[in-house]
Amino acid sequence: MRDVDHDLLVALKALADPNRLRVAAACADGPRTASQIAAELRMAEPAVRRHLDRLQAAGLVSSSPADPAAGYTLQVAALHGMGRRLGAIEAQDAPVSDALGPAGASLPPDEVRVIRGYLRDDRLSTIPSQEKKRLIVIRYLRDRCFPDDRPYPEKEVNQRLALFHPDVATLRRAMVDEGLMVRANGVYRRPA
């Protein structure tokens, strides 16, 4: 079994208790004090405080140290991070043949290794400078972001590419330069 990072394991253990999960869910509705959560969930306040301490130690809830009466808030970004890290573990453990290219075709193992080398948490860590690797990554992104043969306005192209890397202009330009997308009047589409 693959090693799971310590912070992820702590967070998963914190959410494994059903009552602690209920406490975390109560914090999702906005800042709540321990007494408000206890009343809402019909739990003893000391038990709620213990659960909040464990959730806070795991980075899943936060409170204002300057104003403890302000209450506890669920850290949604921490949950998203957990999801990305779990997804990355699943992707790394998946057999190479499970990586799919266009039309559901399996990618060659060497291309899968290149793609996995540049993706972290399903985001492009850097745009490869080596032309061969850049083409593999750009083609993969094109197939992930623009699977349909239809026009994509530049705004939509930017939004889709931004999910993978903040430098959308370089990614757009590379796709056009490599002939993976064609551009006319600010509209992009896959070549015929």
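Translational diffusion of the chain, estimated by Stokes-Einstein from the Kirkwood radius over alpha carbon pairs at 10 °C in a medium of 1.306 mPa s, is 81 µm² per second.
Placing dummy labels 7 Å off each Cα toward the beta-carbon, the span from residue 148 to residue 62 is 3.8 nm. Put a dot 7 Å past the Cα of residue 167, heading toward its Cβ, do the same for residue 187, and the two dots end up 3.0 nm apart. Within the shell defined by Cβ-Cβ distances under 13 Å, the residues around residue 167 carry a net charge of +4, with Lys and Arg each +1 and Asp and Glu each -1.
For the range 95-189, the Kirkwood hydrodynamic radius comes to 13.6 Å, computed from all pairs of different C-alpha atoms.
This ranking places 6, 80, 165 by how few other beta-carbon atoms lie within 10 Å of each, fewest first, which gives 6, 80, 165.
Measuring how big the range 6-78 is from its alpha-carbon positions, Rg and Dmax come out at 11.1, 33 Å. For the chain, the longest principal axis of the alpha carbon atoms and the long axis of helix 45-57 meet at an angle near 30°. Ordering 145, 27 by the number of other Cβ atoms within 10 Å of each residue's own Cβ, fewest first, gives 145, 27.
Computed from the coordinates by the stated procedures, all read-outs in this text should not be read as laboratory data. Small disclaimer: the values here were computed from a predicted structure and weren't measured. FYI the Cβ positions are ideal-geometry reconstructions off the backbone, even for glycines, and counts take in every protein chain you see.
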